[in-house]
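The values are calculated or read from the model by the stated rules, or taken from the named source; none is laboratory data. On a predicted model such as this, the values are computed, not experimentally measured, just so you know. In this analysis, Cβ positions are derived from the backbone assuming ideal geometry, glycine residues included, and neighbour counts consider all displayed protein chains.
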Protein chains: 2
Amino acid sequence: MTPSPGDRVRVDRAGVTDEGVLMPSSDEDHLVLKLEGGYNVGVDRDAAAVEVLERGARTVDGDGDEADASAVEFDDDLPTVALISTGGTIASTVDYRTGAVTARFDAEDVLRAVPDLAGRANYRGRVVANILSENMNPEIWTDLAEAVHEEIEAGADGVVVMHGTDTMQYSASALSFMLDTPVPVVFTGSQRSADRPSSDNVMNAVCAVEAAKSDCAEVLVCMHATPSDDHCALHRGTRVRKNHTSRRDAFETVGAEPLGRVEYDPHEDRVDVSYRDGRAYARRGDTDLALASDLAEDVELVKFTPGMDPAALEYLDGKSGVVIEGTGLGHVHTDLIPRFEELVDDGTTVAMTSQCLEGRVCDRVYDTGRDLLDAGVVESGDTLPGTAKVKLMWALANVADPEDAMGRDLAGELTEESKPWV
Amino acid sequence: MTPSPGDRVRVDRAGVTDEGVLMPSSDEDHLVLKLEGGYNVGVDRDAAAVEVLERGARTVDGDGDEADASAVEFDDDLPTVALISTGGTIASTVDYRTGAVTARFDAEDVLRAVPDLAGRANYRGRVVANILSENMNPEIWTDLAEAVHEEIEAGADGVVVMHGTDTMQYSASALSFMLDTPVPVVFTGSQRSADRPSSDNVMNAVCAVEAAKSDCAEVLVCMHATPSDDHCALHRGTRVRKNHTSRRDAFETVGAEPLGRVEYDPHEDRVDVSYRDGRAYARRGDTDLALASDLAEDVELVKFTPGMDPAALEYLDGKSGVVIEGTGLGHVHTDLIPRFEELVDDGTTVAMTSQCLEGRVCDRVYDTGRDLLDAGVVESGDTLPGTAKVKLMWALANVADPEDAMGRDLAGELTEESKPWV
């Protein structure tokens, strides 16, 4: 009897025996077993003997128990959360049974993929893209913002965006500038796929849904805050950065503390969202829904390093905007300054950021900085370089004075204070 | 009576009166006063009334007391430390009285600039460059490595390199690859100039000299470890990064802990150097002195961000090497892969790093990574992107198989282990 997802099975391998419910897996080589305690374990299929103890239905509910395969009913007592998929490791679970890309998925598909989401919200699902996140581009940011806008307009009490982790910070920045939102818009993803014992898939999804039901009406990123499965951090979309290639707690708020956290204890079925005392944030309903999704796509980020060939700047002719990732307080080799002056004179907005990542640029301190200011380069405060690129794309298409905007805070990306030496 | 450095003075401003010894200042607008307790305070010259209490000699010693102006005598009981200046905020103090650039400066000049260095070593000083560190370039790295080599060959027991902070990490990496050293080579700098009350100038210089006398024969960076004046960290030159634009504790070891620390307590005249238990490092005398200072200068660092114009890669034709700063585990947009393949086919070494900064690249996990490997791109483990650029410059000029070298540890820049998911 070939085991199928939903079946109660016994798995023997290398002297270890587990019983539990077989979960969907996106990987032919591994089985994923939900144990009694609620944990998932991944098992190498070739090394395991699997015995089906009891046939399951085609779907499983939040406890890993067998569930009725009929469509999930709408619960008037629960808020409605829109789940929007762009692809990536976390979305691959949802697509397991739907197969190829579909424009919509329903609550049943969601609960089949992540049973732990059951009973937390009514779900509406839609697919905006199904890409590896390194292939994310500005056109899809526009599509994504429009989809989020539609879902909120249609009554969603919160939105969860499932996104690959590679470029999540850029997309979260884009939506931060494009959207005025009266409800939470929460990005989440997965550093380890669902078929791995250490997957962060389920906990991140559950915490993101709870954050989407919370009172913080901002664009947030919800990911593991520590190497343990104890809580997720809620990062502001414009200040978050993937700071580790592989750790589950790779995402960090740079230059500040996260806005909030989601405590997670599956054994007590406890998931608590809280926001940090003293951090200002928009409350649910504070802001009217609005969308400004146009972007100037011809904005480039250029990182300066010692020995850089000036030819690296030749392709920038005619660009609407350039963000420099300079050294220290915002510097480049003196020989490059005339080239930036030439670009400014030809109508390109050139904005300075720092590869230090933390702290603000300040080009009034040293000669090189003053020469850059004289050349017409504008400062971006403590905005992260990647966020500054996205901001400049947006500002060039949506505000009257983009150069001025780069020095002001629009979406939490820039600390407006005059303390260059803090 | 116009006050001069070394004079004992009384300074009144805004109801505050201080007495102390006037110190050299590189800035016409400020006075620097050394108080009884050993602290320096900076005072706005225009807002202060200064009365000379007692004329000083032309130099002051470590306690801010007047000292004899005669040349400093060689002390057989002290080690000899070579001080090499490349410019930057810290070196500007030394140049205060020497005026224009000179090829050499002597112990008297050093002690006049930083009196607290007195009694710690015999000093030999030389100027390799006098530039803002954003203007640092590979030619000067070669000059610097040759100067360090000469000083060690001439008997220096340790070397301190005074360097601007903007590009210190790149220069420290360059010397890490170029030099085999039997003595410590310690980079230090200053985030705040000597005329500011919060200057880190003196403490960093003192700690660097003590590190140069220690038992760790590596290329190190010695800078404030905390916002307090309590200790400096000793970072390995290939793993250090300026992570804040302005804080005195801007420098951090990425992906590991610092190698050691220098405790600093000027009140007890106590400066203790210690190294972390369990961290392997080269001891004094372990390594024979050797120099390989050639570099392939035509190596570029290219940072990938979403929406990047493929035209950014056009100027790379014919380059010896390219380092990509990719996303996540080491990815770029799929459309860019053929261009990197073309470069590899034409003889360019193309190496992958991650903009995450922490963690290793691993291109075996996802399709994009495997396509990059198939295209001939090589992985750089957990090497920092800037360090990888310097390493590739060096490897192309000095080793038989640079592509292989990018995946191996040469100078502490790469953790050689096979745990891509740690």
Residue ranges of helices (runs of 4 or more DSSP H) in the stretch B:323-422 with at least 3 members crowded, with 22+ Cβ neighbours inside 10 Å: B:367-374, B:385-398
Complete set of residues in the stretch B:305-322 that are facing chain A (nearest Cβ under 7 Å) and surrounded by fewer than 19 Cβ atoms within 10 Å (Cβ to Cβ): B:D309, B:A311, B:E314, B:Y315
Of residues in the stretch A:265-295 being part of a loop (DSSP other than H, G, I, E, B) and of a type in the set (S, T, N, Q), the one farthest from the other protein chains (Cβ to nearest Cβ): A:T287
Matching option when the condition is more than 20 Å from B:R284 (Cα to Cα) and surrounded by fewer than 24 Cβ atoms within 10 Å (Cβ to Cβ), among B:E146, B:E153, B:E139: B:E139
So A:V361, is it under 22 Å from B:S133 (Cα atoms) and either modelled with pLDDT under 95 or not aromatic (F, W, Y) (or both): yes
Unmet requirement for B:V262, which otherwise passes all of (1) under 18 Å from the mean Cα position of the chain (by Cα); (2) within 14 Å of chain A (Cβ to nearest Cβ); (3) not in a loop (DSSP other than H, G, I, E, B): (2)
Considering residues of the stretch B:84-101 that are touching a strand residue (DSSP E or B) at 6+ places or on another chain (Cβ under 6 Å) and of a type in the set (S, T, N, Q) only, the residue modelled with the lowest pLDDT: B:T98
Positions within the stretch A:147-186 being in contact with a strand residue (DSSP E or B) (Cβ under 7 Å, 6 or more places away or on another chain), acidic (D, E) and within 15 Å of A:R126 (Cα to Cα), in sequence order: A:E151
Looking only at the stretch B:275-304, and only at residues there that are closer than 17 Å to B:F340 by Cβ and in contact (Cβ under 8 Å) with a residue 40 or more places away in the chain, the one that is surrounded by the most Cβ atoms within 10 Å (Cβ to Cβ): B:V299
Selection within the stretch A:296-322 - among the charged types (D, E, K, R) and outside any strand (DSSP E or B): A:E297, A:D298, A:D309, A:E314, A:D317, A:K319
Number of positions in the stretch A:46-83 that are at pLDDT below 85 and closer than 22 Å to A:V186 by Cβ: 2
B:R284 over 26 Å from B:L414 (Cβ atoms) and out of contact with any strand residue (DSSP E or B) (no Cβ under 6 Å at 6 or more places or on another chain): no
Unique match (being surrounded by 24 or more Cβ atoms within 10 Å (Cβ to Cβ) and within 14 Å of another protein chain (Cβ to nearest Cβ)) among A:A205, A:A172: A:A172
Among (1) at pLDDT 95 or above; (2) more than 31 Å from the chain's Cα centre (by Cα) - the single one B:L301 does not satisfy: (2)
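Residue by residue, here is whether (1) without any contact (Cβ under 8 Å) to a residue 60 or more places away in the chain; (2) of a type in the set (D, E, K, R) holds:
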| residue | (1), (2) |
| --- | --- |
| B:E108 | yes, yes |
| B:L111 | yes, no |
| B:A118 | yes, no |
| B:Y123 | yes, no |
| B:N130 | yes, no |
| B:N135 | yes, no |
| B:P138 | no, no |
| B:W141 | no, no |
| B:V159 | no, no |
